[in-house]
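Undergrad: Next up is a structure, given as structure tokens.
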Amino acid sequence: MRPSGLFRLLAFIFVLITSLVFIRSYISLSTKTIRLPRWLDPPSKKTRVVKVKCDLSKPCPDNFFAFKILSGAANVVGPSICFEDHMIMSPVKDNVGRGLNIALVNGTTGKVLSQASFDMYSGDPALLVKFLKAVPEDVLVLVASYDDPGTKMNDELRTLFSNLGSSYAKQLGFRDSWVFLGARDISNKSPFEQYLKNTPDTNKYEGWPELLELEGCVPRKVF
């Protein structure tokens, strides 16, 4: 083969190899995914984290308050009242007692106004009557029973709780389980209430029915 022919052949092979390398590099580059730093991601791609308050099964919509009320378990474990992820009353806080445990919350702001427990076995029911009569309008009343809520429950107290929207206050008795959320200005009976009668044949515990759990979303009072 002549030198000129050999030179042209080598030049052709060089050009062919260079072209193949370039094409391969281009294809490899085009298949790479370019990842932006997290802080440069468009807002539409970011996942919105919704906090579920009071360990509810699902978050509450806007203009609703989250709450969870647990009655006591027999006379062993005390009740608890949570509102908007704030544990108002619980055995851990050591602010619950035998009888009825009640928290008052502003229906517009969600601010806790007061909390108290009333001994309904050997206490003075007049203290609870005074407490309930002083409840202002537009205030939410959250109630959890513990041990015995019914021995000192008189007709006046039953009427006061019924006026707050309770459907079961008039039949509440010795060692019954009861959880309730109501308000003075409620138009109908409250949808937030559970009740279990102390029945020896069906009690979960020897002398008490099982504990009750009430959770939900209560609408904010908007003026």
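Undergrad: Considering each of Gly97, Gly110, Gly72 in turn, give the residue that is in the same structural domain as Val129 (by the TED database), at pLDDT 95 or above and in contact with a Pro (Cβ under 6 Å, 6 or more places away or on another chain). Full working, then the answer.
TA: On the way: Gly97 fails: in contact with a Pro (Cβ under 6 Å, 6 or more places away or on another chain); Gly110 fails: in contact with a Pro (Cβ under 6 Å, 6 or more places away or on another chain).
Every option except Gly72 fails the conditions.
Undergrad: If I filter the stretch 119-140 for residues that are closer than 25 Å to Lys53 by Cα and either open to solvent by less than 30 Å² (accessible area, probe 1.4 Å) or touching a His at 6+ places or on another chain (Cβ under 8 Å) (or both), do I get at least one hit?
TA: Yes; the residues of the stretch 119-140 include at least one that is closer than 25 Å to Lys53 by Cα and either open to solvent by less than 30 Å² (accessible area, probe 1.4 Å) or touching a His at 6+ places or on another chain (Cβ under 8 Å) (or both).
Undergrad: Is it fair to say Glu156 is farther than 18 Å from Tyr195 by Cβ and touching a Lys or Arg at 6+ places or on another chain (Cβ under 6 Å)? Walk me through how you get there before you give the answer.
TA: Details: farther than 18 Å from Tyr195 by Cβ: yes; touching a Lys or Arg at 6+ places or on another chain (Cβ under 6 Å): no.
In short, no.
Undergrad: Pull up the stretch 66-123, narrow it to residues that are in contact (Cβ under 8 Å) with a residue 12 or more places away in the chain and acidic (Asp, Glu), then point me to the one that is nearest to Leu181 (Cα to Cα).
TA: For the stretch 66-123, the residue satisfying everything is Glu84.
The values are calculated or read from the model by the stated rules, or taken from the named source; none is laboratory data. From a predicted model like this one, the values you see are computed outputs, not experimental measurements. Because the Cβ atoms are built from the backbone with ideal geometry, glycine has one as well, and the counts that use them run over all protein chains shown. Note: areas computed on protein heavy atoms with side chains; ligands, DNA, RNA excluded. Shrake-Rupley method; radii C 1.70, N 1.55, O 1.52, S 1.80 Å.
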